[in-house]
Amino acid sequence: AVLIEMVYHRQLNVTLGSEVVFLGLALDVRQPATWLGALAFTLAGIALFVVARRDYARRWSEVQSRIERIIQHREGL
């Protein structure tokens, strides 16, 4: 989201100026360090999403297995 906001802000730079405030942080779209920080933040977010998604998939698989065992048990009664 921060990268999208920075690109949009950069396109309207003449009207808005070079500084954008995102989540309380003042970012200067003219500074390369701002872009690198935003990219690092984005990559960290992607990595956390991948970890959370894998954990969710594992848990969901366990839940599905339990449901299947319950159904098989009830059908056997």
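Quick check on region 1-14: of everything there that is of a type outside the set (A, V, I, L, M) and at pLDDT 70 or above, which residue is least open to solvent (accessible area, probe 1.4 Å)?
Initial filter on region 1-14 (of a type outside the set (A, V, I, L, M)): 5, 8-11, 13.
Now drop any that are not at pLDDT 70 or above, which leaves 5, 8, 10.
Working: Glu5: 69, Tyr8: 125, Arg10: 111 Å².
The extreme case among them is Glu5.
In this structure, does Glu19 turn out to be open to solvent by 70 Å² or more (accessible area, probe 1.4 Å) and touching a strand residue (DSSP E or B) at 6+ places or on another chain (Cβ under 6 Å)? Give the steps one after another, and end with the answer.
Details: open to solvent by 70 Å² or more (accessible area, probe 1.4 Å): yes; touching a strand residue (DSSP E or B) at 6+ places or on another chain (Cβ under 6 Å): yes.
So Glu19 fits the description; yes.
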Would you confirm whether or not region 29-38 contains a residue that is modelled with pLDDT under 80, in a helix (DSSP H, G or I) and among the hydroxyl-bearing types (Ser, Thr, Tyr)?
no
Select from region 29-77 the residues that are without any contact (Cβ under 8 Å) to a residue 40 or more places away in the chain and among the β-branched types (Val, Ile, Thr) and list them in ascending order.
Val29, Thr34, Ile46, Val50, Val51, Val63, Ile67, Ile70, Ile71
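The values are calculated or read from the model by the stated rules, or taken from the named source; none is laboratory data. These numbers were taken from a predicted model, which means no experiment stands behind them. Reconstructed Cβ throughout: ideal geometry from the backbone, glycine too, with neighbour counts over all protein chains shown. The protein model used for the area step is the full one, side chains on, heavy atoms only, and it has no ligands, DNA or RNA in it. Shrake-Rupley method; radii C 1.70, N 1.55, O 1.52, S 1.80 Å.
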